[in-house]
Amino acid sequence: MYGIYDGIIETSKAAIADFEATEELLEYPEVQADKAYYLSVLSKYNKLKSIKDKQSALISTLEEEKSTAALLSDATDFEERSAIYEEISTLKKKAARISAALSDELGCRHVEERAYCRFKFKAGSSKIGVAFSGLVKNYLLSRGAKIEAEKTASANDGYVREISFLAVGEDITVRLASLVGAHKVYIAPAKSEDLCFAVTPVAAVEKVSEQDLKIDVFHSGGAGGQNVNKVETAVRVTHLPSGLSVVCQDERSQLRNKQRALETINKRLEDIRGREEKKRMEADIKAQYSNKNTPISFDAASNTMTDKRLKAFTRAAFPLTDGQFASYIDGLITI
């Protein structure tokens, strides 16, 4: 029902199974009379309530994302659709943050997500940008992530202008969120160029729920022998939320027509959702690239970097070592 978050939601449900019983226990006079026991029950209650609150927040965010995505079917104006895509991206990131916190509280494995990373450079920022992207990639690999679909694009002048890849692993969006934006690379006292980085969660295209389908059977009017005119072999499958409908009557068997109709409607809906997800990702990346007031900057002449949020990274030698970069990310997460 909630894709990659189904597991952690079920785990949290099991963890808080006796939440109400624990809450009631606090009201018992005999429990309140025993201070040590009361404090023990209260501690358990507070922990369960914290898990319950995070679980509720996660489900609420995921439901809000579904409701927001449903608005796309009625949105025709470009600005309206862009605003919806931006809201969906915000909700996806919020869900990732809550899920990470919930996993920590439960002491269980974090959700494995798919996130798309893209870097964009200009001639003066390319060298530092390539090094920066390498640090991000090595950091993800060191945490057990897989890197897929890696692409590098070069400009006509020969410098690398863009690097992108898909990362599959735990908490990728949460850990890299503090690095996004258009960072200044100073290549001369009064000249700078942007080093852009964006990371956005990639939603898996879910299979169609049978509850959203209406299946009708009727007599086929096409060729296929006498069977098609005597038996209801033709099948119409309608996806109720979108109104998309597929009719299949080429086969002599109702079962085979149903299978083909379901395959066709699944493929069409996957294509539609895939295109919408691609548009959402591009809108999210564009929004992150437009953030030019970041605390991160680089100096190409002295090969240094500065992040105003951390004292240890004021004019730090760049590129950092992989270990330094990991410490840098850990420092940003604690802010």
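Since every read-out is calculated from the coordinates, none of them should be taken as a lab result. Model, not experiment: these values are computed from the prediction. Heads up, the Cβs are rebuilt from the backbone with ideal geometry, glycines too, and the neighbour counts pull from every protein chain shown.
Could you give me the ³J(HN,Hα) list for the range 138-143, computed from phi with Karplus coefficients 6.51, -1.76, 1.60 and θ = phi - 60°, whole Hz, x at Gly and Pro?
With the stated coefficients, the range 138-143 comes to 5, 4, 5, 4, 5, 9 Hz.
Picking from V202, V168, V237, which is most flexible by a Gaussian network model of the chain using Cα springs under 10 Å?
Comparing V202, V168, V237 in the GNM, the peak value goes to V237.
Determine by what factor the alpha-carbon radius of gyration of the range 3-73 differs from 2.2 N^0.38 Å, reporting the quotient.
Dividing the Cα radius of gyration by 2.2 N^0.38 Å gives 1.52.
Anything over 25 Å Cα to Cα? Flag those among K127/K308; K54/K308; K191/K308; K137/K292; K191/K279; K286/K311, in the order listed.
Pairs exceeding 25 Å: K54/K308; K191/K279; K286/K311.
Report ³J(HN,Hα) in whole Hz for each residue of the range 310-319, in order, from the Karplus equation J = 6.51 cos²θ - 1.76 cosθ + 1.60 where θ = phi - 60°; Gly and Pro get x.
Karplus values, whole Hz, x for Gly and Pro: 10, 4, 5, 10, 9, 6, 7, 4, 10, x.
Run the numbers on the chain and let me know its relative contact order in percent, using alpha-carbon pairs under 8 Å that are six or more apart.
Relative contact order comes out at 15 percent.
With the convex hull built on the Cα atoms of the chain, state its orientation-averaged projected area in nm².
Average projection, Cα convex hull of the chain: 25.9 nm².
Among V202, A15, T264, whose Cα lies farthest out toward the positive end of the dipole of the chain, if unit charges sit on the beta carbon of Lys, Arg (+1) and Asp, Glu (-1)?
Farthest towards the positive end: V202.
Label 7 Å along Cα→Cβ of A131; the range 294-318 residues with amide nitrogen under 20 Å?
295-318
Run the numbers for E79 and R109: contour at 0.36 nm per residue of separation, minus the present Cα-Cα distance, in nm.
6.9 nm
Taking the Cα centre of the chain as the origin and placing charges on Cβ (Lys, Arg +1; Asp, Glu -1), which of G181, S56, A83 is farthest toward the positive end of the dipole?
G181
Hey, what number do you get for the chain at 222 nm if only DSSP H runs of n ≥ 4 count, each worth -39500 (n - 2.57), divided across all residues, to the nearest 500?
-16000 deg cm²/dmol
Grab the other residues whose beta carbon is less than 12 angstrom from that of S82, score K and R as +1, D and E as -1, and report the net.
-3
Suppose every Lys and Arg Cβ carries +1 and every Asp and Glu Cβ carries -1, with no other charges. What dipole size does the range 3-106 come out with about its Cα centre, to the nearest 20 debye?
That gives a dipole near 440 debye.
Net charge near I215: determine it from the other residues with C-beta under 10 Å of the C-beta of I215, scoring Lys and Arg +1 and Asp and Glu -1.
Net charge around I215: +1.
Could you compute the net charge surrounding C196? Neighbours are other residues with a C-beta less than 14 Å from the C-beta of C196; K and R count +1, D and E count -1.
With Lys, Arg at +1 and Asp, Glu at -1, the net is +2.
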